[in-house]
Amino acid sequence: MGKTLQYSSITKKIIMSLAGLFLTSFLVVHLIINLLILFDDSRELFNQAAHFMATNPLIQIFQWVLFAGFIIHIIFGVVLQIQNWLARPVRYEKKGSSEQSYFSKFMIHTGAIVLIFLVIHFVNFFVKAKFGHIESISYASGTYEDLGWLIVELFKDGAYVVFYVVAILLLGFHLDHGFQSAFQSLGLQHSRYTPFIKLAGTLFSALITLGFIAIPLVIYFS
Amino acid sequence: MDLTLRIWRQASADAKGKFVNYQVKGISEEASFLEMLDVLNESLVMKNEEPVAFDHDCREGICGACSLYINGRPHGPDKGITTCQMHMRNFKNGETIVIEPWRAKPFPVIKDLMVDRSAFDEIIQAGGFISVRTGGIPDANAIPIPKLNADLAMDAAACIGCGACVAACKNASAMLFVAAKVSQFALLPQGRLEASERVRNMVGKMDELGFGNCTNTYACEAECPKEISVTHIARMNREYLVAKVTAPKE
Ligand code: HEM
Ligand code: FES
């Protein structure tokens, strides 16, 4: 923690942006696997993919890299935010609103909700999948733990679906600012490419959000 | 026009401040904002009250002395303009105008609406210069400079160091100011020589003084009276990254 404070503001932001982009790439993989559950009613494809993710040694190592990515992103995010609050001890009576990226004002708030979601998500899926007992299911391709069933059961709970959808929406807002912001933090700015990065970031965030939200909604309403 | 002014009053740096409401009447739409404050101050002096302290010097938008956070915006509602150049036609008759000093830990209030911006001087002293031997004036085209670079450096050099970027930023970050000062040299061959040291020292000083970090919110660019672009911040990030990676370890 002491070391974290010693890094310059720009170094912290560079680390933050790299961790953020890394987490973004993880979201893509995660979403692709999740979407498989909608593919067939027997959940074969999804269970097969989940089995691969749970047993492949490379993925097992990468899991720790991902975990570290989250920890780094969260620690640096919190440190940056605290410094930002301390930089203005006396607030304005009349709050300004000249921001050009609205969601940038709420990164710590959307991040915090995503963190709460992550903890619950971690307990619900990861811990159960790793340490709990899950029924096996046999297909022509082999016998796997029926993780898909766990998901289908959870998404029958309306309250959980609502929480899930809200959290993913906020993650979408986090990403909408975060994606293009990461490029600026890294100094990757160009009059020709930056407008494209901004547009691509927004489309990408919308796609990720819709993708993740579609799964509980389809399961709940079918 | 008649106005209600809600102004931050603070007798000294350590005194506790508060907002005080004043009425001003018969202000011309053609008056500048500072002239309007002059009218208020004259009336206060007539009543034997302490006039409102605020910074100003050139009153033509070039020195960067004037400040004021007016209705939630540094330098008020007009775009690309300093408070001294902003006119009363931007307001409506009967309006209440809230006037606050710049708020940032490294910009402590000296009195009323005046803040101490010497933190900016310290950042400049940390590297915002070129160590050259002065001599005769060099020939204009002795050092060839691409037109684009010359233009960009000139845009960066338009910064008058008023501190509106810090005032506008939700994090009280000085990134736009420092980026402009880093960029004006980084873009020119004369500045390249000390570029690596400069960016590290200026950013180091900026952090040390307690300015916030950049969240890429870009309120600074929207409020800058000289419309300095945040692309300079990206350039500084780039310069800093390269400087850090390539700098020899002491
Ligand atoms: C899958 C999850 C997440 C992804 C993909 C993600 C992605 C990103 C990206 C790309 C940025 C932009 C970095 C930059 O401006 O250079 C960012 C910023 C930020 N993130 Fe996250 N993030 C995630 C989770 C979280 C969590 C759990 C927190 C909890 C504290 C958090 C807090 C922040 C904060 C505070 C910022 C703004 C930092 C600043 O500009 O000062 N993020 N995020
Ligand atoms: S008084 Fe010089 S810029 Fe306003």
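Taking every residue in B:167-174, how many Cβ atoms of other protein chains lie within 10 Å of its Cβ, on average?
On the way: counts 3, 3, 6, 11, 10, 7, 5, 2.
Per residue, the number of nearby Cβ atoms from other chains is 6 on average.
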Between residue B:29 and residue B:116, what is the label-point separation in nm under the 7 Å Cα-to-beta-carbon projection? 4.3
Among the chymotrypsin sites (Phe, Trp or Tyr not before Pro) in segment A:118-222, which ones are in a DSSP loop with at most 14 other Cβ atoms within 10 Å of the Cβ? Mind listing them? A:193, A:221
Where in chain B are the helices, taken as whole DSSP H runs, whose Cα atoms extend 18 angstrom or more along the long axis and whose Kyte-Doolittle mean reaches at least 0.5? B:33-46
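For chain B, which span is the longest to avoid every loop-located (per DSSP) member of trypsin sites (Lys or Arg not before Pro) having at most 10 other Cβ atoms inside 10 Å?
Numbers: sites that count: B:16, B:25, B:47, B:92, B:133, B:249.
Answer from the scan: B:134-248.
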Listing B:4, B:215 from the residue with the fewest other Cβ atoms within 10 Å to the one with the most, what is the order? B:4, B:215
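Take every residue in peptide A:181-191, count the Cβ atoms of other chains within 10 Å of its Cβ, and give the average of those counts. Can you show the working numbers first?
Working: counts 5, 1, 3, 8, 8, 4, 10, 3, 9, 2, 2.
Average per residue, whole number: 5.
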Candidate lysines - alpha carbon under 29 Å from residue B:249, same-chain residues fewer than 8 apart omitted: A:3, A:12, A:13, B:181, B:205
Please report, in debye to the nearest 20, how large the charge dipole of segment B:118-246 is about its Cα centre when each Lys and Arg carries +1 at its beta carbon and each Asp and Glu carries -1 there. 280
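What 222 nm value per residue comes from the helices of the protein assembly as shown, counting each DSSP H run with n ≥ 4 as -39,500 (n - 2.57) and dividing by all residues, nearest 500 deg cm²/dmol?
Numbers: 18 runs with 245 residues, N = 472.
Only helices count here, giving -16500 deg cm²/dmol.
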What list of ³J(HN,Hα) values in whole Hz, one per residue of segment A:152-160 in order, does the Karplus curve 6.51 cos²θ - 1.76 cosθ + 1.60 (θ = phi - 60°) give from phi, with Gly and Pro shown as x? 4, 5, 4, 7, 7, 8, x, 4, 5
With unit charges on the beta carbons (Lys and Arg positive, Asp and Glu negative) and the dipole taken about the Cα centre of segment A:122-212, which residue among A:195, A:136, A:124 sits farthest to the positive side? A:195
Test item: A:14-21 mean partner chain Cβ contacts at 10 Å: 1
DSSP loop (so not H, G, I, E, B), at most 12 other Cβ within 10 Å: list which trypsin sites (Lys or Arg not before Pro) in segment A:154-215 pass both filters. A:156, A:192
Which of B:49, B:100, B:208 moves the most in a Gaussian network model of chain B with Cα springs under 10 Å? B:49
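Read the figures in this text as sums done on the coordinates, not as results from a lab. This structure is a prediction, so every number in the text was calculated from the model and none was measured. In this analysis, Cβ positions are derived from the backbone assuming ideal geometry, glycine residues included, and neighbour counts consider all displayed protein chains.
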